[in-house]
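Working notes for the structure below.
What follows is calculated from the coordinates using simple rules that are stated; it is not laboratory data. All values derive from a computational prediction rather than experimental measurement. Methodologically, a virtual Cβ is constructed for each residue, glycine included, from the backbone with ideal geometry; neighbour enumeration extends over all protein chains shown.
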Amino acid sequence: MRKSLLALGVVAAMSAPAMAADYSDGDIHKNDYKWMQFNLMGAFNEKGVTESSHDYLEMEFGGRSGIFDLYGYVDVFNLTSDSDSDKAGKDKLFMKFAPRMSLDAATGKDLSFGPVKELYVASEIVWDGGPAGVNQQKIGLGSDVEMPWFGKMGLNLYSVYDSGNKDWNGFQISTNWFKPFYFFENGSFISYQGYIDYQFGMEEKYSTASNGGAMYNGIYWHSDRFAVGYGLKLYNDVYGFADGEDVPFIDGNDVSFESSGVAHYVAVTYKF
């Protein structure tokens, strides 16, 4: 039977608190699952180098296979190649892949303690292809933790390598959640879902802000095949760009960073 993000969210919400991972029987594939969905998105007042409103299509996927846990997505911007779009003439793609390797499954040991149910070697890779874009590789320690009301959440701490500058540049802490909180008689439900990505310790020679990040807060309606949602995203000097600072950019013109504030997102999803 297909295990989707929907199924996992319902199980997490309706079952007892998450138990520690147990691979002492040698069966590292007993918790395997996979899911994939397409999200048609609208972004309004998105922050970054400049402010942007645009459409995009997102292929989002994840799952578990043995010792490996995976989350990722590929975004395609400006689907109709509209010359009036904020993304006109800019990179069409942005990609994130976040594989983790379970230390519990790899060693066959129960490494849980307190609210920490499983430990991982965690990584994250992001590309947008542009010469001045965000192209980073991250490595660190990951975990699944049991939190009050939220249930199981991912929590990862990375060291960040900037492949554009060929150097290490600070750290990132990330967490994510998926919490169904209102159920309808037909089995559909409303969820609170989102994430926090926060970078710190960035070097002055590569960044105009030493720390910054974003928090996404989504309220979504889910059925077995569809979802519709709204997301409020809060930015603070995201990607190490100090909000309001004027700097020369790659074309020689000054850019005033618009990297802090509030953005809005709407999404329509089909689940495979």
Listing GLU203, GLU258 by rising number of other beta-carbon atoms within 10 angstrom, fewest first, gives GLU203, GLU258
Mean-square fluctuation maximum in Gaussian network of the chain, Cα pairs under 10 Å, restricted to PRO148, PRO99, PRO180, hits PRO148
From the Cα centre of the range 21-38 to that of the range 77-95, the distance in Å is 37
Computed about the Cα centre, the charge dipole of the chain from +1 Lys/Arg and -1 Asp/Glu charges at the Cβ has a magnitude in debye, to the nearest 20, of 1020
Too long for a 28 Å Cα-Cα cut-off, among LYS47/LYS117; LYS30/LYS92; LYS90/LYS166; LYS92/LYS152; LYS233/LYS271; LYS34/LYS109, are LYS47/LYS117; LYS30/LYS92; LYS92/LYS152
Candidates ASN45, ASN236, ASN156; GNM for the chain (alpha-carbon contacts under 10 Å) flags as most fluctuating ASN45
Using alpha carbon centers only, the range 140-156 is separated from the range 102-120 by a whole-angstrom value of 12
Final fewest-first order of ILE28, ILE196 on the 10 Å Cβ neighbour count is ILE196, ILE28
Going from the fewest other Cβ atoms within 10 Å to the most, one would list ARG100, ARG64, ARG225 as ARG225, ARG64, ARG100
Surrounding charge for ALA263, neighbours by C-beta under 9 angstrom, Lys/Arg +1, Asp/Glu -1, total 0
Stretched fully, the stretch from SER223 through THR107 gains (0.36 nm per residue minus C-alpha distance, one decimal, in nm) 38.0 nm
Computed Rg/Rh for the range 168-226 (Cα atoms; Rh = Kirkwood radius) stands at 1.27
Here the relative contact order (percent) of the range 5-271, from C-alpha pairs under 8 Å and at least 6 apart, is 17
Cα-Cα pairs in the chain separated by more than 32 Å, as a whole percent of all pairs, come to 26
